[in-house]
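Here the structure comes first, spelled out in structure tokens, and everything after it is commentary.
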């Protein structure tokens, strides 16, 4: 049905619904003779005064309708106990009355019948038309223009997918060696790492239409629709070839033994079963590539991941430093740059960020350039953009009393001092702070940013140093304001540090006793180990800040932050030089 016709039907249904609702909620009185509502006392007075010609008693509702001498009608209700008294008054005044209820109004009867019909019709017409179609997948895919050369920071994933495309386009060489083309692959990695972009590139390189859906699309339809849509999707892809991509497949492909009960769980179970059948039902000759994406592969049903279905798991991790530099180069194309932009430094500042977040950093830098009327983006704007993406916009308009500014400066100065001294003593396992501010930003009253370490593995010493830096804020407040003068400012630090310490104990076997692993069941023992790690970190932070070099650096940083409010890496280095602190061990 054409869209304009559907809109006309929607408008007619809404109009009709409004009319019958108006009638049902009070407009229907216009269809009845005019009747004035009066109180029980007023009705009795009319009877006593001889102003009533006739009456109708409504026994089922304890009501009465009086026809007065002038022909008008009056309606009233009364308590059941008053019924005999009113009847007696009518008899005393010789007023003829009838105890039969009045005949029902046919117009209102019609309205009462129409209301449910109209409501059901309206709901039916508002259901998405594609949810009612049979035998036709609603998408109209095209061949994407994305190619593998457009992707940076995921070289290993690109290499695996290139081979998948090659086996699809020219499988004879592989077949001659006895190799079988995989049925499909699941892209595994955090959000924003480019899984969808990689899938589009596979379609673009293969010259095949791109069928992209989200896992939730299969369970948001009307009951029973999910399995049918799975079949329609594969049927449409087989018809002319194509790349099927299901994002967030864990939402429908979770373990079947975890799906119990009816309703939504039953629908998801049916979708998983239909998906397994569809995967078993096509061959490489169908010219179909099946790709999926998830960041929770551990929750997926093993039957989906076995050979012959999603044969490969392709890891798409967060990019390393080299990858981030390449991503910066890709997204900087077409941007106006003011002078020389240090891409290597920008990559170092964005450790732990995904490709999507790096793109957001560059876009934010461009917005800063426009807002400040600069000729192009530069290193300073990139650094501010990183802060915005990581922590949110600075709240410079937020009121900050002198006392609050001092407390924040002491707290953030403590983090920075511990970071600087630990980096000097143990550069292999510690990072220097690159930005400190007392200006509220996002949910934080102030913050200290460190470049996250690159590398797949993190040492025990690095994690312990990380805990020491986290405790540096509380330690600095104790050193400055006394054991009873510290504030609530360390709340966020304790949440983050506790999470790190708990992972050290439960996941990495790095507890103080060395006996706890991921299989520990005693929560009391885990809590004791976590508390021991945090206590040791706080003691070490207190030791750093109470040392001559730590105390001098902390004091100098507090003064600089109170005056300037924010310090970049260069500003931090200048503060170190000004207080002439020897930080070497």
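A few notes on this one:
- With neighbours defined as other Cβ atoms within 10 Å of a residue's Cβ, the residues 193, 87 order from fewest to most as 87, 193.
- Counting neighbouring Cβ atoms within 10 Å and putting the fewest first, the residues 544, 86 line up as 86, 544.
- Mean-position separation - Cα centroids, the range 357-392 and the range 64-92, in angstrom: 82 Å
- Cβ-based exposure ranking for 579, 418, in which fewest neighbours within 10 Å come first: 579, 418
- Note on residue 169 and residue 280: with the Förster distance fixed at 22 Å, the Cβ-Cβ geometry gives a FRET efficiency of about 0.40.
Values in this text are rule-based calculations from the coordinates and carry no lab data. Worth saying up front: this structure is predicted, and the values here are computed from it rather than measured. Heads up, the Cβs are rebuilt from the backbone with ideal geometry, glycines too, and the neighbour counts pull from every protein chain shown.
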